[in-house]
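**Student:** I am attaching a structure below and will ask some questions about it afterwards.
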Amino acid sequence: MKPSEQDVLDVLAQMENVSLSRVQALGIVQEVNRLLLHPRGMMMVPVPQENGDAVFVLAVTSDPEGMCFDGVGIDPDPLLVMKARAFHGLLLPARKARFGSLIQPLPGFDG
């Protein structure tokens, strides 16, 4: 059974310590890859361990377009879209009020 968007939001809202495999299943790794690492030519790749958990390695490409999910953008998997929506639903409005942006500014850096 696929988790609903509310299921993902409920789990993420209660998360304190969670396994890497759970972080991956919830779509957090997907979004870190898609939003942060892929545009820079990198991605976190899960490597399953004997205990059922996973560790992540950083893969790097020299492709000038960076990395992307195969087929995503043409006909996205509804589960990927649902996980992305749930992850983005966690954005904290108070951060925008405090910093003027969701991302905390780094003094001396204009990026």
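Only the coordinates and a few stated rules stand behind these numbers; no lab work does. Model, not experiment: these values are computed from the prediction. All Cβ positions, glycine included, derive from the backbone under ideal geometry; neighbour counts span all protein chains shown.
**Student:** Once you put a point 7 Å from the Cα of Val60 and another 7 Å from the Cα of Asp77, both along the Cβ direction, what distance in nm separates them?
**Tutor:** Taking the two extended label points, one gets 2.7 nm.
**Student:** Among Asp10, Asp110, what is the fewest-to-most ranking by other Cβ atoms within 10 Å? Don't skip to the end; give the middle numbers.
**Tutor:** Details: Asp10 13, Asp110 5.
Listing Asp10, Asp110 from fewest to most nearby Cβ atoms yields Asp110, Asp10.
**Student:** Given a Förster distance of 22 Å, report the FRET efficiency between Leu102 and Val32 from their Cβ-Cβ distance, rounded to the nearest 0.05.
**Tutor:** 0.90
**Student:** Please order Leu26, Leu79 by the number of other Cβ within 10 Å, starting at the fewest.
**Tutor:** Values: Leu26 21, Leu79 13.
Ranked by crowding around the Cβ, least crowded first: Leu79, Leu26.
**Student:** Mean residue ellipticity at 222 nm from the helices of the chain, using -39,500 (n - 2.57) per DSSP H segment of n ≥ 4 over the full residue count, to the nearest 500 deg cm²/dmol?
**Tutor:** Mean residue ellipticity at 222 nm (helix-derived): -9500 deg cm²/dmol.
**Student:** In addition: Calculate log10 I(q)/I(0) of the range 1-64 for q = 0.13, 0.28 Å⁻¹, where I(q) comes from the Debye formula with a single equal point scatterer on each Cα and nothing for solvent.
**Tutor:** -0.43, -1.18
**Student:** Sticking with this one: Gap in Å between the Cα centre of the range 87-111 and the Cα centre of the range 8-69?
**Tutor:** 21 Å
**Student:** May I have the pair-distance distribution P(r) for the chain, computed from all Cα-Cα distances with 5 Å bins from 0 and rounded to whole percent?
**Tutor:** Going out from 0 Å in 5 Å bins, the chain shows 2, 10, 16, 18, 21, 18, 10, 4, 1, 0 percent.
**Student:** Let me ask something else. Looking only at the range 29-68, which residues have a backbone nitrogen under 17 Å from a spot 7 Å from the Cα of Asn17 in the C-beta direction?
**Tutor:** 53-54
**Student:** Follow-up. Hey, if you put +1 on the Cβ of every Lys and Arg and -1 on every Asp and Glu Cβ in the chain, which of Pro48, Gln30, Ile103 ends up farthest toward the positive end of that dipole?
**Tutor:** The one lying farthest along the dipole's positive direction is Ile103.
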